[in-house]
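Only one structure is covered here, and it is reproduced in the block below.
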Amino acid sequence: MKSCIVFVCMIGITLAQDPIDFRPYNVTALNLFYSSDYNGNGQFDRSELNDVFRNYDVNHDGRVARHEYLHFISQPLYDFAVILFEDYDCAPPPDGFVDDVDFDLYYSEMDANQDGMVVISEFVDHWIHVLEKNEALHMPSSQAPVTP
Ligand SMILES: [Ca+2]
Ligand SMILES: [Ca+2]
Ligand SMILES: [Ca+2]
């Protein structure tokens, strides 16, 4: 469950951290990869995207509703989680549920070279981009930026 939350909201670990700080993003993304590569084959398999979300599917209907996902999330990352869910719910039209149709598209977006497999560099690049794009939603405002 913990690694699942880490992936989906990048959050499980953060429950123990105050303030929350995902920087440096490349390290966060790498840790995220290792917690999401369930079979340890060094790639993020398409099936592992399902694995990541499985624990959110409280009523086991094969898809994750917005309220199921957000149920696990609390402030200060709630707003970030809302945006992440919108990213996951990517198959048009957005319907408030994340399921295989969304997973296929999301996985394809992570698969930068479109060879059908998300390797570690693709995974890391994807999450660095997500973290940078949404920095205002998760950056601890009380801290000055840290230079690596
Ligand atoms: Ca794997
Ligand atoms: Ca959807
Ligand atoms: Ca690839």
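Values in this text are rule-based calculations from the coordinates and carry no lab data. Since this is a predicted model, take the numbers as computed values, not measurements. Here Cβ is always computed from backbone atoms with ideal geometry, including for glycine, and neighbour counts include all displayed protein chains.
Numerical summary
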quantity: Asn59 versus His129: modelled label distance in nm, points set 7 Å from Cα along the beta carbon direction; calculated: 3.4
quantity: Set of segment 42-70 residues, backbone N closer than 20 Å to the point 7 Å along the Cα-Cβ line of Ser121; calculated: 42-46
quantity: Estimated translational D of segment 2-138 in µm²/s (Stokes, Kirkwood radius over Cα pairs; 10 °C; 1.306 mPa s); calculated: 106
quantity: Student exercise, segment 39-118 dipole from Lys, Arg, Asp, Glu Cβ charges, in Debye to nearest 20; calculated: 220
quantity: Taking Asp99, Asp115 and counting other C-beta atoms within 10 Å, the order from fewest to most; calculated: Asp115, Asp99
quantity: Two-site FRET efficiency, Asn31 against Asp51, from Cβ-Cβ distance with R₀ of 25 Å, rounded to 0.05; calculated: 0.90
